[in-house]
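Right, one structure below, let's go through it.
The values are calculated or read from the model by the stated rules, or taken from the named source; none is laboratory data. The structure displayed is predicted, hence computed values, not measured ones. Neighbour counts run over all protein chains shown; Cβ positions are idealised from the backbone, glycine included.
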Amino acid sequence: MRCGCGLAAIPGTDARFFVPDTSFIRLRRPVDPTRVQFGSLKIKARINEARKEVSFYELLGIPETGTLPEIKQAYKQLARKYHPDVSPPDRVEEYTQRFIRVQEAYETLSDPRRRASYDRDLALGIHLAFSARRRYQYDEELEERSEWKNRWQSQLSELKRRSMNRDARGNMSWGARMRRQRDESSREQ
Amino acid sequence: MAEPAYTVASDGETTGEEKSSSSFPEIAIGVDIGTSQCSVAVWNGSQVELLKNTRNQKLMRSYVTFKDEIPSGGVSNQLSHEHELFSGAAIFNMKRLVGRVDTDPVVHASKNLPFLVQTLDIGVRPFIAALVNNVWRSTTPEEVLAIFLVELRVMAEVQLKRPIRNVVLSIPVSFSRFQLTRIQRACAMAGLHVLRLMPEPTAVALLYAQQQQQMIHDNMGSGSEKIALIFNMGAGYCDLAVTATAGGVAQIKALAGSATGGEDLLQNMMRHLLPDSENLFLGHGINEIKLMGLLRVATQDAIHKLSSQDNVQIDVDLGNGSRICKVVNREEFEEVNRNIFEKCESLIIQCLHDAKVEVDDLTDVIVVGGCSYIPKIRDLVKHVCKIEVYKGMNPLEAAVCGAALEGAVASGISDPFGSLDLLTIQATPLGIGIRANGNRFVPIIPRNTTMPARKELIFTTVNDNQTEVLIVVYEGETEKAEENHLLGYFKIMGIPPVPKGVPEINVCMDIDASNVLRVLAGVILPGSQQPAVPVMEVRMPTVDDGHGWCAEALHRSYGSTLDLVTVQKKI
């Protein structure tokens with residue numbers, strides 16, 4: 001399962017309208033790491049897969065040490081390339097998806113708090129790219145209004161990271177493993 | 001007469017999407033239909049040029065007079081006297097009325113215009129009529145705008161010697177998507193295809209981006225990012241944007257807007273000069289209309305003069321035995337309109353805050369629109385932003401020039417000198433979301449989100465065995481759902497009967513580069529990866545007229561039986 005699905009261009013779609021496939025629903029799975037329903041093997045597979053995905057830095061074509069002016073400049077250059085207003089007429093849909101990814105990379109990396117949290121995840125190989133963060137978008141908007149929530153959020157993501165790590169190492173209780181296996185086998189049938 | 005005769009199609013039909021499939025890059029013209037004035041501009045191959053009418057005017061009055069059978073607008077028509085505009089036969093200020101229901105305060109404030117604006121206060125469209133030979137002839141804001149657009153189109157076609165099909169129109173920031181459909185309807189009635197609807201300050205932002213590029217070319221400017229606040233106040237609306245400009249790209253960081261404009265300044269002054277004017281005009285008799293017109297002309301004139309002088313003598317005979325003879329000074333004018341100026345100030349502060357920009361970050365502050373000539377407006381902008389106002393723009397032509405630039409860029413025209421290597425990255429002026437958590441508005445695409453955009457949020461049911469959910473889509477900022485603009489609604493049916501909170505209802509919103517909004521909604525049950533029922537894809541808005549009425553009816557009929565709640569973040 002590719003975690004960037006829904007953002008990739010779907011071949012053969014009308015230039016104006018996205019075919020109402022259910023890709024946006026499938027995005028749900030990796031979205032919420034607090035409710036990981038994958039077995040440890042799958043997690044590992046996902047992490048390996050994530051390594052193959054481009055990071056926000058790669059997407060913007062800047063080093064991980066890139067400064068804010070560099071990020072801004074890279075974003076504007078890519079916008080000039082991918083924004084649907086300036087993209088070739090027959091590739092509007094594809095470029096729109098790309099632009100949305102670039103936008104997400106820019107929004108994450110140009111905000112010091114979000115960049116720090118992204119860098120942490122990246123270092124751990126948990127690449128919750130694009131859509132993965134989408135679910136929290138609204139919550140994030142709310143958080144920006146209150147500082148205490150920010151701190152709470154960073155603590156939370158730290159907890160999540162730890163629990164995810166534990167899961168990845170297979171360090172789960174017997175009951176949890178059993179529940180997961182059952183969930184998984186019922187889904188695969 | 002060689003020019004083709006265009007007619008306005010009936011307003012009763014739905015907007016026909018007859019898109020021309022030709023790939024010939026036809027340059028879209030830029031049109032600014034202001035509340036009081038309008039203009040057309042086009043990229044002429046090397047620069048933006050404003051088109052003039054047969055009377056050599058670049059800026060034309062926005063009105064339509066209904067004389068005899070054929071209505072005529074301010075583009076072609078020559079008024080014999082200013083007072084002709086106030087005979088009851090002329091309809092104007094349509095930009096303030098288009099797409100509004102009769103419970104809207106802006107509609108109520110329009111009731112003392114010198115034509116008929118009637119309200120029933122139940123959330124339906126207001127009744128608007130012009131007095132023709134002692135008969136109130138009904139019309140609609142869309143029809144008036146369309147008549148106007150046809151005249152502008154003919155004017156442009158004659159001058160450019162080619163058919164005009166595509167337009168980029170500048171619109172107020174505060175327009176709801178429903179209002180945008182009314183503008184599109186007016187364009188369709190005039191045989192025009194809307195390429196883009198551009199919030200006015202974003203058009204100005206594009207012009208600014210071009211000017212900055214030009215300065216780099218001329219080795220006068222640096223290539224670093226410039227942050228500018230754009231304050232655009234005309235007769236009908238006050239619109240703001242914060243833009244970050246570099247390399248010809250205008251990135252809109254935040255938008256703010258309100259239906260506050262010169263018309264409000266005028267009405268406050270009229271009330272100040274003739275305190276019981278509103279009651280006086282209620283009857284809408286021929287004499288009252290004339291009186292209203294006389295007072296309007298005199299007041300308008302006085303306000304204009306107060307921009308350049310400290311006080312003004314008003315002397316107007318209202319014809320009914322009463323006469324207003326008064327000296328008004330600038331302080332008095334500013335005091336009478338204090339609430340308007342305070343509103344402007346709060347919009348600036350809000351816009352800077354939303355853009356996460358400090359006053360010290362601003363490189364430029366641009367003040368445009370008819371109200372930019374008012375000293376108090378310039379002062380208050382300067383006071384908040386603590387820098388001098390940018391001088392490189394004609395305040396009345398900036399928006400239309402920006403729209404023409406966008407017209408050229410979005411039509412795929414390129415310029416050998418790189419003058420069109422420009423881009424505007426737009427942001428959503430209002431939040432879009434659905435009704436959930438009781439009667440709350442839950443935004444899915446928040447305000448000031450970069451477009452194109454695609455965002456989603458997960459909801460669930462509130463009742464056990466709830467097989468249907470009602471998705472009611474709103475646009476706005478208010479927490480109470482029905483205080484926002486209703487865009488449409490649909491039901492998801494056939495959800496398997498399970499306990500409340502179990503189904504995951506994924507609502508996804510998608511805005512493409514042409515600002516088309518689609519809402520996708522699907523249901524997933526735990527343990528399944530496939531949606532339980534077919535996914536709904538709905539293009540918004542779906543509501544037609546009378547949307548205020550409609551939201552209330554939905555609420556009354558269904559209560560909370562088909563409700564949704566957001567899924568809480570589980571820790």
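Name, by its number, the condition in (1) touching a Lys or Arg at 6+ places or on another chain (Cβ under 6 Å); (2) in contact (Cβ under 8 Å) with a residue 60 or more places away in the chain; (3) surrounded by fewer than 16 Cβ atoms within 10 Å (Cβ to Cβ) that does not hold for B:Ala355.
(3)
Got a number for residues in segment B:442-478 being away from chain A (no Cβ under 12 Å) and in contact with a strand residue (DSSP E or B) (Cβ under 8 Å, 6 or more places away or on another chain)? Spell out the reasoning first.
Initially, segment B:442-478 is screened for residues away from chain A (no Cβ under 12 Å), giving B:460-478.
Filter again for in contact with a strand residue (DSSP E or B) (Cβ under 8 Å, 6 or more places away or on another chain), leaving B:460-462, B:468-478.
Qualifying residue count for the region: 14.
Suppose we filter segment A:69-94 for residues that are buried (at least 20 other Cβ atoms within 10 Å of the Cβ) and more than 9 Å from every other protein chain (Cβ to nearest Cβ); how many remain?
Adding up the residues that qualify gives 4.
Could you identify the single residue in B:Leu255, B:Leu266, B:Leu280 that is more than 14 Å from chain A (Cβ to nearest Cβ) and either of a type in the set (Phe, Trp, Tyr) or not in a helix (DSSP H, G or I) (or both)? Reasoning before the result, please.
Details: B:Leu266 fails: either of a type in the set (Phe, Trp, Tyr) or not in a helix (DSSP H, G or I) (or both); B:Leu280 fails: either of a type in the set (Phe, Trp, Tyr) or not in a helix (DSSP H, G or I) (or both).
Testing whether each residue is more than 14 Å from chain A (Cβ to nearest Cβ) and either of a type in the set (Phe, Trp, Tyr) or not in a helix (DSSP H, G or I) (or both) leaves just B:Leu255.
Within segment B:479-494, which residues are away from chain A (no Cβ under 14 Å) and either outside any strand (DSSP E or B) or free of Cβ contacts under 8 Å to residues at least 12 places away in the same chain (or both)? Steps first, please.
Just the residues of segment B:479-494 that are away from chain A (no Cβ under 14 Å), to begin with: B:480-489, B:491, B:493-494.
Hits for segment B:479-494 are B:Ala481, B:Glu482, B:Glu483, B:Asn484, B:Met493, B:Gly494.
Could you list, in sequence order, the residues of segment B:309-321 that are out of contact with any Ser or Thr (no Cβ under 8 Å at 6 or more places or on another chain) and in contact (Cβ under 8 Å) with a residue 24 or more places away in the chain? Show your work before the answer.
We begin by selecting, within segment B:309-321, every residue out of contact with any Ser or Thr (no Cβ under 8 Å at 6 or more places or on another chain); these are B:309-313, B:315-321.
Once the filter is applied, which keeps residues that are out of contact with any Ser or Thr (no Cβ under 8 Å at 6 or more places or on another chain) and in contact (Cβ under 8 Å) with a residue 24 or more places away in the chain, segment B:309-321 yields B:Leu318, B:Gly319, B:Asn320.
Do we have B:Leu229 as in contact with a Gly (Cβ under 8 Å, 6 or more places away or on another chain), away from chain A (no Cβ under 14 Å), under 30 Å from A:Pro69 (Cβ atoms) and part of a strand (DSSP E or B) here?
Numbers: in contact with a Gly (Cβ under 8 Å, 6 or more places away or on another chain): no; away from chain A (no Cβ under 14 Å): yes; under 30 Å from A:Pro69 (Cβ atoms): yes; part of a strand (DSSP E or B): yes.
No.
Taking segment B:503-524 as the search range and keeping residues that are surrounded by 15 or more Cβ atoms within 10 Å (Cβ to Cβ) and assigned to a loop (DSSP other than H, G, I, E, B), which one is modelled with the highest pLDDT? Talk me through it step by step, then tell me what you get.
Of the residues in segment B:503-524, the ones surrounded by 15 or more Cβ atoms within 10 Å (Cβ to Cβ) are B:503-515, B:517-524.
Add one more test, that the residue is assigned to a loop (DSSP other than H, G, I, E, B), and what stays is B:503, B:512-515.
Numbers: B:Pro503: 93, B:Asp512: 89, B:Ala513: 81, B:Ser514: 83, B:Asn515: 89.
My answer is B:Pro503.
Taking the stated definitions as given, is B:Lys500 over 30 Å from B:Val101 (Cβ atoms), away from every other protein chain (no Cβ under 14 Å) and touching a strand residue (DSSP E or B) at 6+ places or on another chain (Cβ under 8 Å)?
Considered against the rule, which asks whether it is over 30 Å from B:Val101 (Cβ atoms), away from every other protein chain (no Cβ under 14 Å) and touching a strand residue (DSSP E or B) at 6+ places or on another chain (Cβ under 8 Å), B:Lys500 comes out as yes.
Out of B:Gly412, B:Gly431, B:Gly418, which single residue is at pLDDT 95 or above and either surrounded by 21 or more Cβ atoms within 10 Å (Cβ to Cβ) or within 14 Å of chain A (Cβ to nearest Cβ) (or both)? Lay out the reasoning, then the answer.
Details: B:Gly412 fails: at pLDDT 95 or above; B:Gly418 fails: at pLDDT 95 or above.
B:Gly431 is the lone residue from the list that is at pLDDT 95 or above and either surrounded by 21 or more Cβ atoms within 10 Å (Cβ to Cβ) or within 14 Å of chain A (Cβ to nearest Cβ) (or both).
Looking only at segment A:102-135, filter to residues that are under 10 Å from the mean Cα position of the chain (by Cα) and small (Gly, Ala, Ser); which one of those is modelled with the lowest pLDDT?
Filtering segment A:102-135 for residues under 10 Å from the mean Cα position of the chain (by Cα) gives A:104-105, A:118, A:126-135.
Of the ones still in play, those that are also small (Gly, Ala, Ser) are A:105, A:129, A:131-132.
Numbers: A:Ala105: 93, A:Ala129: 48, A:Ser131: 43, A:Ala132: 40.
By that ranking, first place goes to A:Ala132.
Hey, can you tell me all the residues within segment B:381-407 that are free of Cβ contacts under 8 Å to residues at least 60 places away in the same chain, under 16 Å from B:Gly370 (Cβ atoms) and of a type outside the set (A, V, I, L, M, F, W, C)?
Let us first name the residues in segment B:381-407 that are free of Cβ contacts under 8 Å to residues at least 60 places away in the same chain, namely B:382-384, B:386-389, B:391, B:394-395.
So of that shortlist, the ones also under 16 Å from B:Gly370 (Cβ atoms) come out as B:389, B:394-395.
Once the filter is applied, which keeps residues that are free of Cβ contacts under 8 Å to residues at least 60 places away in the same chain, under 16 Å from B:Gly370 (Cβ atoms) and of a type outside the set (A, V, I, L, M, F, W, C), segment B:381-407 yields B:Asn394, B:Pro395.
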